[in-house]
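Let me begin by presenting the structure, written as structure tokens, before commenting on it.
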Amino acid sequence: MSDDLLHIRTFPRGRQLTVFAMLVSCFALWGLLNNMTDNLVPAFQRIFTMDPSRAGLVQVAFYGAYAVLALFASIIAEEFSYRVGVLAGLAVYVVGSLLYVPACLCASFDIYFIAIFTVAAGCSLLETTCNPYVLSLGDEATAVRRLNFAQAFNPVGSILGIFLAQKLILANLNPATAAERAQMAPDALAGIVHNELFWVCVPYVGLCAFAALVWVFFLRINPFVSTFAEKRVGFGRVATAGLFAIVPLTTLYFLFPQMDKVLWIICGMAGPFAYVLLVKDYREMLGILLRRPRYWCGVVAQFFYVGVQIAVWTWINAYCQQEFGAKPDEAAFYYLASIILFVAMRWVATALMRRVNPALLLAGFAFAAIAFTAGVMYLPSTPLFTVFGHPIAWNALALICVTGCMSLMFPTIYGMALGGLDQRAFRLGAAGLIMSILGGAIITPWMGAIAGSETSVWFALVQGFDVVRNLDLQVSCQSIRASFVVPIICFAVILVYALLFRRSPERS
């Protein structure tokens, strides 16, 4: 039994509810950060006048950190407690947010890359430890209900993140085009960029105060722990695992600064994997996981799901700017509408699961997502009506509905993959599914590379659309539409997984 569980059961009920409320705030926090960061891609495209593939490095940094740090987070929980994992996650988040200040002062995309990676590292530690922490708060019979309630605040945070990005970051971008910026005097351009980057920093640094309050709360609850002598083995393991996670990343970053960042993330993952292989009990857990196709195929499916979610949400803004002539902050309206539908469809899907096999429901949603994505590629952008002054066309409706179809995918794949799993490997298995968030770091730039290309082989799929390139976005109608072939491929992988493992799992 974990230290958390031993102590939580000694809390009075009112204190348990307080702890639960503070954990719920963490669910909202990482949801907010995920969706606010998505909007940094169009913001940095304009601020630094960069192409879509380089701007997509924002997602490489954010979701790559999840891939590298998830195993480390599971080791913290295994060797100490979920509470320590929460404390570590909040502390790392605060450090990462404060790095936005020197990034702003230096007007450096490279420093922003490090800051975004560090913020996401904190989110990775939080997300890997908060879910099981919630399960330990109270009776086992109501554990699933508590977790579902807590997860409901994740999209609430997402909506707030979009709102903050729209009002604080995108609304404060200077309307000057790339051509106009190129003709500006250096001092004038530097002043514009500094003001834009200042507003990028405001929401991230502002959230530090909130994160610090939550950190102090978890520090002060002072749960039951063993003596330091009894924890020396655990401390040594965590410290060693941390070195395996951080040293390779740091060494590669400074020795090979021009190294492809996706390759850098993949190489960085080798450290945590090496640690797991070197430690006997973790190696045995890994063996249990690899002998279960339902699990490792689930990791693959989750990789493509997270990849398609982040890719679609990242390029919604650019798509709507290009197709409807919207400004960046106006294009955020379509993103917000997508997230609202996402939240609504999550409740609908949960209700349907009472009568429909979750795997078959997942397959149906994946098939529908493929159909709607085809609509994004081929349907016209002629406005049918307006909502709050924003034109709504058939392709806009299809784009919003794609997000609605994604609503049930992450938790359903997560549950299917861990279903029937040996409890000895459960924490490591959960970390593997969090590591699959690497998909956001790989698939988003892939989609961006197609959107920013002038000669992609995928262009043959969308003949007849405008090929004139937008110099600010560095895309054309044809290229941005062609890039949505990537989501179709991802949804097809999810559809295959749902059909292959549609039956209830057997206990391993």
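The values are calculated or read from the model by the stated rules, or taken from the named source; none is laboratory data. Keep in mind the model is a prediction, meaning the values are calculated, not measured. Neighbour counts run over all protein chains shown; Cβ positions are idealised from the backbone, glycine included.
Worth pointing out:
- Set Leu278, Leu263, Leu289, Leu255: member being touching a Phe, Trp or Tyr at 6+ places or on another chain (Cβ under 6 Å) and either modelled with pLDDT of 85 or more or outside the structural domain of Phe62 (by TED's automatic domain parsing) (or both): Leu289
- Some residue of region 389-397 being crowded, with 23+ Cβ neighbours inside 10 Å and within 22 Å of the chain's Cα centre (by Cα): no
- Which numbered condition Ser53 fails, given (1) touching a helix residue (DSSP H, G or I) at 6+ places or on another chain (Cβ under 8 Å); (2) at pLDDT 80 or above; (3) part of a helix (DSSP H, G or I): (2)
- Filtered by the rule that a residue be of a type in the set (S, T, N, Q) and under 22 Å from Val306 (Cβ atoms), region 46-97 gives Ser53, Gln59, Ser74.
- Some residue of region 303-317 being assigned to a helix (DSSP H, G or I), among the hydroxyl-bearing types (Ser, Thr, Tyr), crowded, with 21+ Cβ neighbours inside 10 Å and under 19 Å from the mean Cα position of the chain (by Cα): yes
- Scan region 146-187 for residues that are hydroxyl-bearing (Ser, Thr, Tyr) and out of contact with any helix residue (DSSP H, G or I) (no Cβ under 6 Å at 6 or more places or on another chain) and the total you get is 1.
- Among the residues of region 429-466, those identified as in contact with a Cys (Cβ under 7 Å, 6 or more places away or on another chain) and not in a helix (DSSP H, G or I) are Phe465, Asp466.
- Applying the criterion of at least 2 residues that are modelled with pLDDT under 90 and under 22 Å from Phe153 (Cα atoms) to the helices (runs of 4 or more DSSP H) found wholly in region 73-140 leaves 82-98, 109-135.
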